[in-house]
1. Could you name the lysines in cross-link range of residue 314, using Cα to Cα under 26 Å and dropping any fewer than eight places away on the same chain?
2. For the chain, what is the mean residue ellipticity at 222 nm derived from helices alone (per DSSP H run of n ≥ 4: -39500 (n - 2.57); sum divided by total residues; nearest 500 deg cm²/dmol)?
3. Just to confirm a number: summing +1 for Lys and Arg and -1 for Asp and Glu over residues other than residue 75 whose beta-carbon lies under 14 angstrom from that of residue 75, what do you get?
4. Residue 261: net charge of surrounding residues, Cβ under 10 Å, Lys/Arg +1, Asp/Glu -1, itself excluded?
5. Any idea what diffusion coefficient segment 181-275 gets from Stokes-Einstein, in µm²/s, Kirkwood Rh on alpha carbon pairs, 37 °C, 0.692 mPa s?
6. Given N residues in segment 73-121, what is its alpha carbon radius of gyration divided by 2.2 N^0.38 Å?
7. Kirkwood Rh over alpha-carbon pairs of segment 87-220, then Stokes-Einstein at 20 °C and 1.002 mPa s: what D in µm² s⁻¹, rounded to an integer?
8. Could you order the peptides 192-198, 239-245 from most to least packed, using the average number of other C-beta atoms within 10 Å per residue?
Amino acid sequence: MGNLLTEQAAQKRAQELRKQLNEWSYQYYVMDRPTVEDIAYDKSYRELVKLEKKFPKIIVSDSPTQRVGGRVLDGFDKLNHELPMLSLGDVFSKQELLDFDKRLRKVVAEDFAYNCELKIDGLAISLVYKNGLFVQGSTRGNGVIGEDITENLKTVKAIPLKLTEPVSIEVRGECYMPKRAFAKLNAQREAEGKPVFANPRNAAAGSLRQLDTKITARRHLSTFIYYLMEPEKLGIEKQSEALQKMSEWGFRINPESRVTAAATEIDAYIDEYQAKRIALPYDIDGIVLKADPFSVQQIVGNTVKVPRWAIAYKFPPDEQETIVRQIEWT
Ligand SMILES: NC(=O)c1c(N)nc(OC2CCCC2)nc1O[C@@H]1CCC[C@@H]1O
């Protein structure tokens, strides 16, 4: 096409390429469903890079070319979380879990179900969107003050740069390094005589705190989003509905969540995932129980640090799992 190409034609072609590339990327990184050969992806990607290089004015914030990183930051700005990023109370036995359930039901007259979720062992992050575009990402920090790591989070392919609807929202979730990526990274660092990471959580934290965003982009980080801020403003009434809605907007949501009515179902959920834990492609350190209706969450509210409507049940440390990690994932 050479320089006969007008900027307008380039813009149109770039939009087609971005739509196709973002769809392929969504299937691969959010839905874990590879639909295209790398060669086809790379061919379209290279064409887009050439067009944007020739006509820089056509670049938009949700172009896949904006995910490769490239800046070396000299530090991370601090930022105040408008609403504090809460932590979770922990229990270590099923009996304590039953006590939590009894206590909560004593305060809450109405009957309610729990939303059970796996407790992903990564780094808590916050993502802010304005009119559907990703504008800011940060770490939890101490819950009130976090670090602005927007540039690094843009390189995480599971984080959408543009949502399917032009909503202005904040969501929170866990950024983590899959076990396979962790094993490969440590093998590579060992070969280079560099210190290895103790576990995927530390590897994810180290990768997100990289000042060179190109390094972050190579670390194969992913996310599970589990928290929608102020859902009542959107007429969403339950945690399970919020997860569904965030999935429709394009976020990567953990598929193992389950609404359970009775305590016995919670037992079954715990046993099921304690058994499945080793085979999951990501680290979990327990399960999280949340009152599903937001009306119930409103009744009991939060302490300064943790919600009164949720609890984390931590699995007993499983030394057998560490041995398996060495074998299975190298
Ligand atoms: N790690 C998790 O998978 C997880 C989860 N699935 N759900 C929550 O809900 C909390 C967040 C604020 C109120 C309830 N928290 C999680 O992790 C927390 C975040 C900060 C400390 C824990 O890691």
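Since every read-out is calculated from the coordinates, none of them should be taken as a lab result. Since this is a predicted model, take the numbers as computed values, not measurements. Ideal geometry is used to build each Cβ from the backbone, glycine not excepted, and the neighbour counts take in all protein chains shown.
1. Here the lysines satisfying the reach criterion relative to residue 314 are 94, 102, 106, 119, 179, 238, 276, 290, 305.
2. -11500 deg cm²/dmol
3. Values: positive: 71, 78, 209; negative: 74, 77, 147, 148, 151, 212.
Local charge sum for residue 75: -3.
4. Values: positive: none; negative: 111, 265, 292.
Every neighbour counted, the sum reads -3.
5. Numbers: Rh = 16.6 Å.
Taking Rh from Cα pairs, D becomes 197 µm²/s.
6. Numbers: Rg = 17.2 Å, N = 49, 2.2 N^0.38 = 9.7 Å.
That ratio works out to 1.79.
7. For these conditions, the coefficient is 123 µm²/s.
8. On the way: 192-198: 10.3, 239-245: 20.4.
Order by mean packing, descending: 239-245, 192-198.
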